[in-house]
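The structure under discussion appears below in the form of structure tokens.
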Amino acid sequence: MTQNEPLIIAGRTFQSRLLVGTGKFSSGEAMREALRASGTGLATVALKRASLGPTKDAFADILDFIEPDRYLVLPNTSGARDADEAVRIAHLSEKAGLPKWVKLEIHPDVNYLLPDPIETLKAAEILVKEGWTVLPYINADPVLAMRLQDVGCATVMPLGSPIGTNRGIENEAQIRIIIAQARVPVVVDAGIGAPSHAAKAMEMGADAVLVNTAIAVARDPVRMASAFAAAVECGRAAFEAGLPPVSANAKASATSPLTAFLD
Amino acid sequence: MKFSEVLPTLPIGKLAAYAADASERDVLKVIAKGRAETLEDFAALISPAAAPHLEEMAHLSQALTQRNFGRTIHMFAPLYLSNECVNKCKYCGFSRDNEIPRVTIPVAQAVRETEMLARQGFRSLLLVAGEHPKWVSNGYVVEVIRQCLPIMPSIAIELGPTTVANYAKMAEAGCEGIVVYQESYHPETYAAMHTAGPKRNMAFRLDTLERAYEAGMRRLGMSPLYGLYEWRHEAVALVAHAMHLMKTCWRAELSIGLPRMRPATGGFAPKMGDVMSDRQTVQLLCAFRMTFPRADITATTRERPAVRDGLVLIGATHMSAGASTEPGGYSDYDETTWRPRTPQPGEQFHIADDRSPREMAAMIRRQGYEVVWKDFDRSFVEREEAAAS
């Protein structure tokens, strides 16, 4: 069987196109097992949950459950309300010895967790200049996606639907534009509540998806992680194989021409 | 418009009446949606007609909570700084005429007790004090915040309401959250309960969270104190207040408590029907969750162990453990058992769940939930030079 093309972000190759978030699990152990089953090569972690000081903190040990030889740890700035706070927390993660990669998440609106486009662009600009690999979480706004690519972001990560809603790809039309225009990988992040949603994003041509809630709160997170892994692989394979165009009307088909007698 | 101006225009009395006699059909309509979208929806969910559907509501509440918070419970500890108070409140152990030993602990002792709490695992602290302009001055609180922040990444306050300027100093020092119990949203009850002191100004208290937000606080904790007036009335008003804050303070996280009156010095006894039964408390929690899927819901040591164990699964997200409600109380705690060595006569109220943080954490894990001690970092609230030191 032909292998899917690998995902390349900022020159780094990932065999899996499934990226996984580490919040909301019932325990560190449950999270570790689910990560393994997902086959992911990249796990995001909310820095606010981790201990970033010089000494280890047994009461903030989320990083201990993410095996560093298996995954690139992608710190995220969740909790930051503006560009300044996001930049500060990124700096702290660097001091804590984490890679200089950051998932930029600035969602001051705590009820829907929708990202602030203005602060995100500001922070991205600062962090890219400082040499960071920046993966910004954004609403599905094609112009914002272009602006972020212009300042040097390594991906754009439009949301399918608001975080935690499991509503799937509600922003399909906008995400299709983002994909069509993209010069960097497009990762569909947030709202992916079922493997079928993930497959759909991949079929649309997204380069990867990021899933957290749907795996973490499943009755069996390990099985759900493998289900997502399979869906992402299938969706990508379908995309690479070339999906037939969809049309509402019957289309002319070369196999049984109806008008050949006119030639 | 501030909430003190909005509240008198709202039909809270009517909604409370509806909450008392909504029909089962009204209730089922909301349950079918799985969400309460309006004040009327919420009122129906807390009605007697909804009581037979509690199990269904609990499942909806659990699903909403897990989707938004996962299987996690966040821990915090209160630290009482002072029981000096200039107010006369009929229900409070700290009321100024109560003959209890009065104390405001020195900053150094606050730091020592914070270190004790950190050794128990806590990374989130709530500073509590009575209202006293001399003893609990702004400068004192700012100093406590400043010195405790290196030990506790998240610090919130529960103090007498003050001005934007004073809150700004606390936020600047690193305080990220505030809790203000409105006590009662019913003006006549509020006036009857608070007989002397600055707390008599109900409007000033109603607008406290908006002032704190303006000053930079990012987590707003709110609740009536259940037991002072008819609980359905208070809950409807609380939801109206929370809906108002979601629009005016849209960048802040809302945190809703469910404090029921506890026995305290002064001997205040709630009227029958003013305070919820255990079943009604669970019903109220489910109704809150179905109205505010993303709000923190706090279950403190005011509740007895069996209730708190149950609330883990239904929709609580934040819990305290092993709390002392006496200023300086922790200094007398045995660090192994986390129990006081001697009685605490200066406490605000007597807690109902005296399990240690370790025992609480074990209970939460047994139920298949993760205990989250740290969910905030001081780098959010500190300038870079300060954080580096």
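The values are calculated or read from the model by the stated rules, or taken from the named source; none is laboratory data. The structure presented is a predicted model; accordingly, all values stated were derived computationally and were not measured. Cβ sites come from the backbone with ideal geometry, for glycine too, and all protein chains shown count toward neighbours. Calculation scope for accessible area: heavy atoms of the full protein, side chains included, ligands and nucleic acids excluded. Shrake-Rupley method; radii C 1.70, N 1.55, O 1.52, S 1.80 Å.
Looking only at residues that are of a type outside the set (A, V, I, L, M, F, W, C), outside any strand (DSSP E or B) and at pLDDT 95 or above in the range A:151-173, which one is least open to solvent (accessible area, probe 1.4 Å)? Residue satisfying both the conditions and the ranking: A:Thr155.
Out of all the residues in the range A:7-22, is one or more of a type outside the set (Phe, Trp, Tyr) and within 13 Å of chain B (Cβ to nearest Cβ)? Yes.
Is at least one residue of the range A:83-90 farther than 30 Å from B:Thr291 by Cβ, open to solvent by 30 Å² or more (accessible area, probe 1.4 Å), within 10 Å of chain B (Cβ to nearest Cβ) and touching a Phe, Trp or Tyr at 6+ places or on another chain (Cβ under 8 Å)? Within the range A:83-90, one or more residues are farther than 30 Å from B:Thr291 by Cβ, open to solvent by 30 Å² or more (accessible area, probe 1.4 Å), within 10 Å of chain B (Cβ to nearest Cβ) and touching a Phe, Trp or Tyr at 6+ places or on another chain (Cβ under 8 Å). Residues that are more than 14 Å from chain A (Cβ to nearest Cβ) and in a helix (DSSP H, G or I) were ranked within the range B:289-306; the one that is least open to solvent (accessible area, probe 1.4 Å) is B:Met290. Does B:Thr325 count as more than 9 Å from chain A (Cβ to nearest Cβ), part of a loop (DSSP other than H, G, I, E, B) and more than 23 Å from the chain's Cα centre (by Cα)? The answer is no for B:Thr325. Just for the range A:52-72: of the residues that are open to solvent by less than 30 Å² (accessible area, probe 1.4 Å) and in a loop (DSSP other than H, G, I, E, B), which one is modelled with the lowest pLDDT? Among those residues, the one meeting the criterion is A:Leu52.
For first residues located in the range A:65-82 and away from every other protein chain (no Cβ under 14 Å), partners that are surrounded by fewer than 24 Cβ atoms within 10 Å (Cβ to Cβ) and among the charged types (D, E, K, R) and lie 6+ apart or on another chain with Cβ distances below 9 Å form the pairs A:Ile66/A:Arg32; A:Glu67/A:Arg32; A:Glu67/A:Arg36; A:Arg70/A:Arg36; A:Leu72/A:Arg12. Quick check: is even one residue across the range B:43-64 open to solvent by less than 30 Å² (accessible area, probe 1.4 Å) and in contact with a strand residue (DSSP E or B) (Cβ under 6 Å, 6 or more places away or on another chain)? No - not one qualifying residue is present in the range B:43-64. Checking A:Val45 against (1) under 19 Å from the mean Cα position of the chain (by Cα); (2) among the hydrophobic types (A, V, I, L, M, F, W, C); (3) not in a strand (DSSP E or B), which single condition isn't satisfied? Exception for A:Val45: condition (3). Given the condition more than 22 Å from B:Ala235 (Cβ to Cβ) and part of a loop (DSSP other than H, G, I, E, B), answer yes or no: does some residue in the range B:177-196 qualify? Scanning the range B:177-196, I find no residue that is more than 22 Å from B:Ala235 (Cβ to Cβ) and part of a loop (DSSP other than H, G, I, E, B), so the answer is no. B:Asp309 passes every criterion in (1) open to solvent by less than 10 Å² (accessible area, probe 1.4 Å); (2) within 16 Å of B:Val371 (Cα to Cα); (3) charged (D, E, K, R) apart from (1). The conditions of being within 14 Å of chain B (Cβ to nearest Cβ) and either assigned to a helix (DSSP H, G or I) or within 18 Å of the chain's Cα centre (by Cα) (or both) are not met by A:Leu144. Taken over the range A:212-245, the criterion of being more than 13 Å from chain B (Cβ to nearest Cβ) and open to solvent by less than 30 Å² (accessible area, probe 1.4 Å) is satisfied by A:Ala225, A:Phe228, A:Ala229, A:Ala231, A:Val232, A:Gly235, A:Arg236, A:Ala238. Among the residues making up the range A:117-131, those that are farther than 11 Å from A:Asp84 by Cα and of a type in the set (D, E, K, R) are A:Glu125, A:Lys129, A:Glu130. For the range B:158-176, the set of residues classified as small (Gly, Ala, Ser), over 17 Å from B:Ser95 (Cα atoms) and not in a helix (DSSP H, G or I) consists of B:Gly174 only. Among the residues making up the range B:107-136, those that are more than 20 Å from B:Pro340 (Cα to Cα) and of a type outside the set (Gly, Ala, Ser) are B:Val107, B:Arg123, B:Glu131, B:His132, B:Pro133, B:Lys134, B:Trp135, B:Val136. Taken over the range A:1-17, the residue count meeting the criterion of being of a type in the set (A, V, I, L, M, F, W, C), at pLDDT 90 or above and out of contact with any Phe, Trp or Tyr (no Cβ under 6 Å at 6 or more places or on another chain) is 4.
Being within 22 Å of the chain's Cα centre (by Cα), surrounded by 23 or more Cβ atoms within 10 Å (Cβ to Cβ) and hydroxyl-bearing (Ser, Thr, Tyr) is not true of B:Ser320. Based on what the data block shows, is B:Glu359 modelled with pLDDT of 90 or more and either touching an Asp or Glu at 6+ places or on another chain (Cβ under 6 Å) or surrounded by fewer than 22 Cβ atoms within 10 Å (Cβ to Cβ) (or both)? Judged against the criteria, B:Glu359 is a match. Report whether or not B:Tyr140 is aromatic (Phe, Trp, Tyr) and in contact with a Lys or Arg (Cβ under 8 Å, 6 or more places away or on another chain). Taking the combined requirement at face value, the residue does not satisfy it.
Out of all the residues in the range B:245-253, is one or more among the aromatic types (Phe, Trp, Tyr) and surrounded by fewer than 21 Cβ atoms within 10 Å (Cβ to Cβ)? The answer is yes; a qualifying residue exists. Has the range B:114-128 got at least one residue that is more than 14 Å from chain A (Cβ to nearest Cβ), modelled with pLDDT under 95 and touching a helix residue (DSSP H, G or I) at 6+ places or on another chain (Cβ under 8 Å)? No.
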